[in-house]
1. Would a scan of the stretch 154-170 turn up a residue that is closer than 30 Å to Val41 by Cβ and hydrophobic (A, V, I, L, M, F, W, C)?
2. One residue is enough: does the stretch 44-52 have a residue meeting the conditions in a helix (DSSP H, G or I) and modelled with pLDDT of 95 or more?
3. Does the stretch 380-418 hold any residues that are acidic (Asp, Glu) and more than 12 Å from the ligand (Cβ to nearest atom), and which are they?
4. Under the condition of being touching a Leu at 6+ places or on another chain (Cβ under 7 Å) and within 12 Å of Trp480 (Cβ to Cβ), which residue from the stretch 372-408 is surrounded by the most Cβ atoms within 10 Å (Cβ to Cβ)?
5. Only residues that are within 19 Å of the chain's Cα centre (by Cα), aromatic (Phe, Trp, Tyr) and assigned to a loop (DSSP other than H, G, I, E, B): list them for the stretch 72-97, please.
6. Kindly evaluate Ala75 against the criterion of being over 30 Å from Lys302 (Cα atoms), within 15 Å of the ligand (Cβ to nearest atom) and touching a strand residue (DSSP E or B) at 6+ places or on another chain (Cβ under 9 Å).
7. For the stretch 88-123, which residues satisfy the criterion of being of a type in the set (A, V, I, L, M, F, W, C) and farther than 16 Å from Lys12 by Cβ?
Amino acid sequence: MTSRAPINPTTKHVDVVIAGAGFGGLCMAIKLKEAGNENFVILEKGADVGGTWRDNSYPGCACDVQSHMYSYSFAPKADWSKRYAPWHEIQQYILDTTEKFDIRPFCRFGQEVNSAVFDEESGTWTVGTAAGDTYICNHFVLASGPLHVPQVPNIKGLDKFKGKLFHSAQWDHGYDLKGKNVVSIGTGGSAIQYCPEIAPDVKQLYVMQRSPAWVIPRDERKYLGLEKSIFKNIPGARLLHRYRLYWTNESRVWPIFNPVLAKGLGNLARAFIKLQVKDPEVAKKLTPDYVLGCKRILISNKYFPMFNRDNVELVTDGIKEIKANSVITADGKERPADCIILGTGFITDPRIYMKNFPVVGLGGRDLREDWKESAEAYYGTSASGYPNLWQLVGPNSGLGHNSIIFMIEAQVHYILESMKLLKKKDAAYMDVKPSVQTEFNAALQKQIQSSVWGTGCQSWYQDAGGKNFAVWPKSTWKFWLETFRVKAGDYRFYPVNQTDKAKSKVTAAA
Ligand SMILES: Cc1cc2nc3c(=O)[nH]c(=O)nc-3n(C[C@H](O)[C@H](O)[C@H](O)COP(=O)(O)OP(=O)(O)OC[C@H]3O[C@@H](n4cnc5c(N)ncnc54)[C@H](O)[C@@H]3O)c2cc1C
């Protein structure tokens, strides 16, 4: 039996604690409120809502799923400026939605959750924060996001660099890149967006590539005033547009599940590179040697043409060392650097970014220990041994082809249905059966192995052992369908009588 973490005088009791105020945490809050439950708090380590879109403000930062799809189904915005809105428009949408649903009073900023301990006797979670506050709750929702901890590469001499150094998610807008020698490390989703934007301003841009990404054309365009007006005045037209985008994106699962098809489409993507890059040697270096889709497919019309500029060099020799004002590659060549930008993405493995965040469940078990081999959950939402712990965008619920907000909404629905079921059964807490979770994950991994993700590339979808812990390997409508109803038989329910005392305390919102 677990023992309760120390309770300090500032301990607050609520029904639900949500960690994180990005798209996930906010969706959970809005839907809880809609269901008549206002007994919750959102603990957010940052200074405002927004998550990804509060943090990433680099030049050219935008979504790569169309905005009419990359937005809540219940909070439509008729006047998205472009098909793929820039970061500030998405952040404004999040701010507006927070106000519209009056969620701000529930937010506690500067509150980094750093522990969560389940107490079997009372059936409650004790959630601790770095600021020293403690919250006791019946349900703990972990909405801390899949991409929020910047990955800093381990390169010899990086700490000795005397010039300007920043990660793309911590862009220093006060630093003028004009006329500077800039080294950009990484060629993932962020780098392919900011490099073409800064290239015309800088003196020289060195793009350091470890492995090339498949980049396909971006069907970018601005919405006309007439379209915005139609979307505003005829909601059905906007909805039809959203459906069309949904099914267009969903059709991309065909090559994902049919590697032969993906190989064929790879030839088209290869032709796109040759068409856009004048120097055949550079085009060759920009061409991936793995099957299209095995790593996240990126979209840009500006990235490849950038390499036709005289002041842009693609560097494929690995970085050997960074000196005070230069970068030396494996071939011994030294390139001057006034600024290094880390376009190196994020730490995606929760076992790494939660290494100082104990989550203690039934019988004192620790999630970090249970996930020692690999992070696993049930529909990326519940985890066996951790009752009433709910995750958003948890293991294997991420996507490579459609909007994650669709998945978040399905998960939030599932959590609310679980809460209802718990009440109906007059139970205190529910725990997914270990066998159910094991079988579920075995089937998912089998599916992954027969898809493009099983064709042998190394990507951030995988942990160090090579297991894909990140993506949902089926259509998103299947996820929606499979999570629409909670199967009571998948869970063990624990009686309420043990917890009456603690529950009676959980009355007022903090
Ligand atoms: C540049 C960029 C572009 C992207 N474009 C797309 C796209 O086009 N389509 C798509 O589907 N996805 C995209 N993504 C993925 C994106 O992360 C998700 O779409 C979405 O933001 C996930 O929302 P979230 O709430 O789960 O996570 P986040 O937006 O990351 O929010 C999580 C929040 O939790 C907070 N938090 C974390 N840990 C704690 C803690 N311990 N205690 C308290 N608070 C905590 C964070 O500060 C953050 O505010 C993109 C990501 C990036 C970086």
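The values are calculated or read from the model by the stated rules, or taken from the named source; none is laboratory data. In this text the structure is predicted, and so the values were computed from the model without any measurement. For neighbour counting, all protein chains shown are included, and Cβ atoms are generated from backbone atoms with ideal geometry for every residue, glycine included.
1. Pass one, the stretch 154-170, residues closer than 30 Å to Val41 by Cβ: 167, 169-170.
Within this subset, residues satisfying the condition of being hydrophobic (A, V, I, L, M, F, W, C) are 169.
Looking for residues that are closer than 30 Å to Val41 by Cβ and hydrophobic (A, V, I, L, M, F, W, C), one finds at least one in the stretch 154-170, hence yes.
2. Of the stretch 44-52, the ones in a helix (DSSP H, G or I) are 52.
Retained after the next criterion (residues that are modelled with pLDDT of 95 or more): 52.
Looking through the stretch 44-52, at least one residue is in a helix (DSSP H, G or I) and modelled with pLDDT of 95 or more.
3. Applying the first criterion (acidic (Asp, Glu)) to the stretch 380-418 yields 409, 417.
Residue satisfying the conditions is Glu417 alone.
4. Result: Met407.
5. Tyr72, Tyr84, listed by residue number.
6. Numbers: over 30 Å from Lys302 (Cα atoms): yes; within 15 Å of the ligand (Cβ to nearest atom): yes; touching a strand residue (DSSP E or B) at 6+ places or on another chain (Cβ under 9 Å): no.
Criteria not met by Ala75.
7. Start the filter on the stretch 88-123 by keeping residues that are of a type in the set (A, V, I, L, M, F, W, C), which leaves 90, 94-95, 101, 103, 106-107, 109, 113, 116-118.
Hits for the stretch 88-123 are Ile90, Ile94, Leu95, Phe101, Ile103, Phe118.
Conditions (1) among the small types (Gly, Ala, Ser); (2) assigned by TED's automatic domain parsing to the domain that holds Ala35, marked per residue:
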position	(1), (2)
Asp79	no, no
Thr98	no, no
Cys107	no, yes
Glu120	no, yes
Gly123	yes, yes
Val127	no, yes
Val141	no, yes
Val152	no, no
